[in-house]
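Novice: Below you will find the structure I want to go over with you.
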Amino acid sequence: MPDRKGQIIFIEIKPNTGIKAALAKARAEVIAEIRNSDLRGRGGAGFPTGVKWNLAAAASSEKKYVVCNADEGEPGTFKDRVLLTEYADDLLEGMTIAGYAVGADTGIIYLRGEYEYLRKHIDEVIEKRRKDGWLGNNIGGKKGFTFNIEIRMGSGAYVCGEETALIESLEGQRGEPRNRPPFPVDTGFMDCPTTVNNVETLITASRICAKGAEWFKKYGVGRTTGSKLYSVSGDCERPGVYEFPIGAKIAEILKEVGGMNAQAVIMGGASGKAVPAKVFADTVAVVDAPTGGSVIVIGPQRDMLDVAENFLEFFVEESCGQCTPCREGNSLLLDVVHRLKNGTCSMEYLNEIESLAETMQLASKCGLGQSSPNVLLSIIEHFQDEIFGRIPVA
């Protein structure tokens, strides 16, 4: 296993420290520990994990589920692949803690289709935990607590990273977002209360149970606590997965990975934002530039319109087509990039497309259409010389 360094996820810790501590408490106390830590979901939306668990726990139903979103499909993001490979035991521990807290007896890992090669490894870890008494009946000697975990393969659609589309896919339906409310914590998988958390969130929850909310809150900025894993790729010397405390500035990340000559970074992958070099020293990752964990370093030799074109081609392909703003809007955003590149875009048309992009952010049904204009709009905002220089003089 590579020698990884970090404050929360990558610390050295004895196996099952978190689940032992959790089972020594009442369910409500476990949820209170998570809530007091101010842990927010690490998938990008940032919803408080303790609140989500509490809502699922309070829902009235004989059957509840814990679903791990391992459908890591955001371009430039590969931290979950590392965690599933090197920290699968910790993930299963976190899922079991979540099951105990919300009163679920079944956990499901929704594994990205392209990660099928990891299934055998994760199944082996599941089986070992079952033999060791950390899955199955009376877990850890806790009478009456039953929890089992199974793996379901993803269907290869980006939109299934959205939790309600994921649940639709789990149920064998076309992966499309649901109207909300009701929310999954009340009406989720098979209409049962379901908490959906991603890989990093569940492992972090196990660390919090092991070492306490106050320990966790030593890291972070204000009520944005803990650490964050970053998948760093692009024009840098040392790409890979890194853990930084929340509060780290983009300049610190680039120094660590050898990317200080970048003209921009794309924080949050294809659905993120372009951050220009002039604000690297002042921009705090996660707080000022929210990210699901992807940092794509853009070197000075790159054409920023090529970057926008690459991402928009992705969204045109991945839009589920359910709502008009996303289905039609992404094609028009890509069209304006093509026009800018070949010198046929007027200022009037560019302004119209900017207005359309803002409408998409407001009117699209799910996060895909709401966030797909982000990179283009941020490039237009921060690289005006590069954009306006492509517009013919009237």
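Novice: Hey, among Lys52, Lys14, Lys5, which residue is in contact with a strand residue (DSSP E or B) (Cβ under 8 Å, 6 or more places away or on another chain) and farther than 22 Å from Pro184 by Cα? Show your work before the answer.
Specialist: Values: Lys52 fails: farther than 22 Å from Pro184 by Cα; Lys14 fails: in contact with a strand residue (DSSP E or B) (Cβ under 8 Å, 6 or more places away or on another chain).
After ruling out the rest, the residue left standing is Lys5.
Novice: Picking from Glu313, Glu317, which residue would you name as being in a helix (DSSP H, G or I), modelled with pLDDT of 95 or more and under 30 Å from Val82 (Cα atoms)? Walk me through it before giving the result.
Specialist: Values: Glu317 fails: modelled with pLDDT of 95 or more.
So the residue among Glu313, Glu317 that is in a helix (DSSP H, G or I), modelled with pLDDT of 95 or more and under 30 Å from Val82 (Cα atoms) is Glu313.
Novice: Could you please find all residues in the range 71-107 being in contact with an Asp or Glu (Cβ under 6 Å, 6 or more places away or on another chain) and not in a helix (DSSP H, G or I)?
Specialist: Hit for the range 71-107 is Glu72, nothing else.
Novice: Follow-up question, since we're still on this one. Please list, ordered by first then second residue, the pairs with beta carbon atoms under 6 Å, 6 or more apart or interchain, first in the range 297-321 and over 28 Å from Arg178 (Cα atoms) and open to solvent by less than 20 Å² (accessible area, probe 1.4 Å), second part of a strand (DSSP E or B) and not acidic (Asp, Glu).
Specialist: Pairs that qualify, where the first residue is over 28 Å from Arg178 (Cα atoms) and open to solvent by less than 20 Å² (accessible area, probe 1.4 Å) and the partner is part of a strand (DSSP E or B) and not acidic (Asp, Glu), are Val297/Gly234; Val297/Val265; Ile298/Ala264.
Novice: While we're on this one: Evaluate the following for Ile139: is it touching a residue at least 60 places away in the same chain (Cβ under 8 Å) and either within 21 Å of Lys25 (Cα to Cα) or in contact with a Pro (Cβ under 6 Å, 6 or more places away or on another chain) (or both)?
Specialist: Criteria met by Ile139.
Novice: So which residues in the range 187-215 are more than 21 Å from Tyr87 (Cβ to Cβ), among the polar types (S, T, N, Q) and open to solvent by less than 10 Å² (accessible area, probe 1.4 Å)?
Specialist: Answer for the range 187-215, where residues must be more than 21 Å from Tyr87 (Cβ to Cβ), among the polar types (S, T, N, Q) and open to solvent by less than 10 Å² (accessible area, probe 1.4 Å): just Thr194.
Novice: Confirm whether Glu124 is touching a Pro at 6+ places or on another chain (Cβ under 9 Å), under 23 Å from Ile19 (Cα atoms) and modelled with pLDDT of 95 or more.
Specialist: no
Novice: Which residues, taken from the range 14-50, are within 24 Å of the chain's Cα centre (by Cα), surrounded by fewer than 16 Cβ atoms within 10 Å (Cβ to Cβ) and aliphatic (A, V, I, L, M)?
Specialist: Answer for the range 14-50, where residues must be within 24 Å of the chain's Cα centre (by Cα), surrounded by fewer than 16 Cβ atoms within 10 Å (Cβ to Cβ) and aliphatic (A, V, I, L, M): just Ala45.
Novice: With Lys218, Lys278, Lys249 as the choices, which residue is more than 24 Å from Asp38 (Cβ to Cβ) and open to solvent by 10 Å² or more (accessible area, probe 1.4 Å)?
Specialist: Lys278
Novice: Continuing with this model, one more query. Only one of (1) open to solvent by 30 Å² or more (accessible area, probe 1.4 Å); (2) basic (Lys, Arg); (3) at pLDDT 95 or above fails for Arg223. Which number is that?
Specialist: Looking at each condition in turn, Arg223 falls short on (3).
Novice: Could you check the range 152-197 and list, in sequence order, the residues that are under 30 Å from Gln7 (Cα atoms), out of contact with any Pro (no Cβ under 7 Å at 6 or more places or on another chain) and at pLDDT below 95?
Specialist: Gly161
Novice: Of a type in the set (Ser, Thr, Tyr) and open to solvent by less than 20 Å² (accessible area, probe 1.4 Å): which single residue out of Thr146, Thr164, Thr85 fits that description?
Specialist: Among Thr146, Thr164, Thr85, only Thr164 is of a type in the set (Ser, Thr, Tyr) and open to solvent by less than 20 Å² (accessible area, probe 1.4 Å).
The values are calculated or read from the model by the stated rules, or taken from the named source; none is laboratory data. Treat the numbers as computed from the prediction; the structure is a model and nothing was measured. Positions of Cβ are generated from backbone atoms using ideal geometry, with glycine treated the same way; all protein chains shown enter the neighbour counts. Just the protein is used for accessible areas: all its heavy atoms, side chains included, with ligands, DNA and RNA removed. Shrake-Rupley method; radii C 1.70, N 1.55, O 1.52, S 1.80 Å.
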